[in-house]
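Only one structure is covered here, and it is reproduced in the block below.
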Amino acid sequence: MAYSEKVIDHYSNPKNVGTLDKSKANVGTGLVGAPECGDVMRLQIEVDEQSGLIKDAKFKTFGCGSAIASSSLATEWLKGKTVDQAMEIDNMDIVEELHLPPVKIHCSVLAEDAIKAAINDYRVKNGLPELVEEKKH
Amino acid sequence: MELKLPIYLDNNATTPCDPRVVEAMLPYFTEKFGNAASRNHSFGWAAEEAVDYAREQVAKLINADPKEIIFTSGATESDNLALKGVYEMYQSKGNHIITCTTEHKAVLDTCKHIEKLGGQITYLPVKEDGLIDLAELEKAITDKTILISIMYGNNEIGVLQPIREISKIARKHGVLLFTDATQAVGKIPVDVNADGIDLMAFSAHKIYGPKGVGALYVRRKNPRVKVTAQMDGGGHERGMRSGTMNVTGIVGLGKACEICMHEMEAEAKRLSALRDKLENALLELEESYVNGNREHRLPHVCNISFKYVEGEGLMMGFNKNIAVSSGSACTSASLEPSYVLKALGLGDDLAHSSLRFGLGRFTTEEQIDYTINAIKDTVLKLREMSPLWEMFKEGIDLDKIEWAHH
Ligand SMILES: Cc1ncc(COP(=O)(O)O)c(C=O)c1O
Ligand code: FES
């Protein structure tokens, strides 16, 4: 299968690969997927306590090129957003932006799940209730 | 020598035609286009002569009699004809066939079909190294067993089954032995008599011949084996396979076999040295593992898992310049990782992380050197990106994590 230019670009020059200190209260970590499924994504956000904006986001992904590109794109989109705005990111936005073919939609779903998991981790750490997912994949 | 890109290291999937094969085929498209079954004119005679000559070339490579060669459209058809043909022909003797879990789909799916017809199939497991257990094979034989179907060399891991020992067991119990030798013929010495093979499938496009042509060897003496035709029609190939002969393809298969006959030994030596160079260099990477038995193996194949990186993601790092294949589910339509690797007992994670390298006649040392560097760089780059690698390095036991399965 041929990859889109954008997927290749994110794969070759991934944005925001790395690790944030997960012990910090203002860092939320989401770890989704499973090694047996061939994809594991870890996405982290660091929230600025004053402004409530996401000031940093990092990822590490075990998976195909589309999964790597989806998570790289997600971290770019997260930076500068409020946590509430981040919650709005939909996997179909990722599909559209990266021109993912149907068989690769689940890679984008994983990225959305990772964002939500990171936000929930952040919320729980800060005494807020977990947000339940209204969309089931 | 100048390095030409892209590099083709997927010779288990198919091989390019050798130019000498193409040259031998060309006249049979145009001047010598006759139907080998036309008995009354020179066009037919020329075609028949070409087919007969090819039959000799093919037979010689495997030490068979030319009369024991049936031309088919490829190994898939040969597998079907052998299994279904024996099942039908020997129905009065029994309905039990023994095969193993790492066979090619052309064998496994044909066996599934036979099960639906009322046949009984035993799918032997393989050991961790991909070899079957001979004691288990013998135990599986019943008075209803008519056929043992075990492949010669595996297409994904290159492991060679002990065909001679299997044959001894088959002979002892009066059971026929069929082997899918698609990956082995032309690569290593295969001798139907010394090996004690009763039926054998192989294909031209794996040995630098054209696609769409292959052969089934059917023993004529000690014992005389018969198969029921699966294609009805004009009664070609002594009634076992009707259909106008694919003369050009058959000429190509014959020439391909002849070249292998002369060059196989030197080629195997050269390729196994290159393969070992590639393999040893890649094994310098931490947490990389060879899949399958390294000793009983085709000389040009190697299958390696690079733990904590995913196969398709890995291939993307170099597949503009290097063609290999992966056992990763992401590369398959089914989203299931390789059943062969799973049959070895590999966890899904390791199966997802595998690459298969298939070297061939036109592989050069420069290409291998380039490949070593490209693969190493990509594995290291992706591990920097892999959460699993980070956890492994921190000493976290990945099996203890509760993963959110989809
Ligand atoms: C072991 C084995 N059997 C059968 C086949 C099918 O061969 P063909 O493409 O000639 O039908 C292949 C090739 O993929 C193979 O590797
Ligand atoms: S992670 Fe498997 S297809 Fe994308």
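The values are calculated or read from the model by the stated rules, or taken from the named source; none is laboratory data. This is a predicted model, so every value here is computed, not measured. Glycine also receives a Cβ, built like all others from the backbone with ideal geometry; neighbour counts cover every protein chain displayed. To get the accessible areas, we keep the full protein, side chains included, count just its heavy atoms, and leave off ligands, DNA and RNA. Shrake-Rupley method; radii C 1.70, N 1.55, O 1.52, S 1.80 Å.
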Problem set entry | Solvent exposure of the protein assembly as shown as accessible area per residue, Å², 1.4 Å probe | 42
Problem set entry | Charge sum, other residues only, whose C-beta stays under 10 Å from B:Thr102's C-beta, Lys/Arg counted +1 and Asp/Glu -1 | -1
Problem set entry | Length added when fully stretched, B:Asp52-B:Glu366, from 0.36 nm per residue minus Cα-Cα | 109.0 nm
For this session: Can you grab the distance from the C-alpha centre of the stretch B:142-209 to the C-alpha centre of the stretch B:264-301, Å, no decimals?
Result: 22
Seminar exercise, completed: With the 8 Å Cα cutoff and a minimum separation of six or more residues, chain B has a relative contact order in percent of 21
For this session: Could you tell me which of the pairs A:Lys58/A:Lys104; B:Lys116/B:Lys320; A:Lys6/A:Lys81; B:Lys112/B:Lys211; A:Lys6/B:Lys206 are separated by over 32 angstrom between their Cα atoms in the structure shown?
Result: B:Lys116/B:Lys320; A:Lys6/B:Lys206
Exercise. With contacts defined as alpha carbon pairs under 8 Å and 6 or more residues apart, what's the relative contact order of chain A in percent?
Worked result: 28
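Efficiency by 1/(1 + (r/R0)^6): what FRET value for B:Thr244 and B:Asp397, r their Cβ-Cβ distance, R0 = 45 Å, to the nearest 0.05?
For B:Thr244 and B:Asp397, the calculated efficiency is 0.10.
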Exercise. In terms of Cα to Cα distance under 15 Å, which aspartates and glutamates are near enough to B:Lys144, apart from those fewer than 8 places away along the same chain?
Worked result: B:Glu88, B:Glu115
Problem set entry | the stretch B:173-278, relative contact order in percent, only Cα pairs under 8 angstrom and at least six apart counted | 24
Exercise. Sorting A:Leu131, B:Leu137 by accessible area (1.4 Å probe), largest first, what list results?
Worked result: A:Leu131, B:Leu137
Problem set entry | Virtual spin-label span in nm between B:Phe33 and A:Lys22, 7 Å along Cα→Cβ | 6.9
Seminar exercise, completed: Scoring only Lys, Arg, Asp and Glu (+1, +1, -1, -1) among other residues with Cβ under 12 Å from the Cβ of B:Gly130 yields -2
Exercise. Going highest first, how would you order B:42-54, A:104-116 by mean Cβ packing within 10 Å?
Worked result: A:104-116, B:42-54
For this session: Enter the per residue convex hull volume of the stretch B:250-381, computed from alpha-carbon coordinates, in Å³ rounded to the nearest integer.
Result: 135
Seminar exercise, completed: Output ordering of B:96-102, B:188-194 (per-residue mean of other Cβ within 10 Å, highest first) is B:96-102, B:188-194
For this session: For A:Cys64, list long-range residues whose amide hydrogen, built 1.01 Å from N in the peptide plane, is under 5 Å from its own amide hydrogen.
Result: B:Gly313
Problem set entry | Cβ-isolated cysteines (cut-off 4.7 Å), chain A | A:Cys37, A:Cys107
Exercise. What part of the accessible area of the stretch B:235-335, given as a whole %, is carbon or sulfur when the probe is 1.4 angstrom?
Worked result: 49
For this session: Highest first, please rank the peptides A:17-28, A:58-69 by the mean number of other Cβ atoms sitting within 10 Å of their residues.
Result: A:58-69, A:17-28
Exercise. How much net charge surrounds A:Asp121 when only other residues with a Cβ under 10 Å from its Cβ are counted (Lys, Arg +1; Asp, Glu -1)?
Worked result: +3
For this session: Can you pull out the buried accessible area for chains A and B, both sides counted, probe 1.4 Å, rounded to the nearest 100 Å²?
Result: 2500
For this session: Would you mind telling me the share, in percent, of accessible area of chain A contributed by carbon and sulfur at probe 1.4 angstrom?
Result: 52
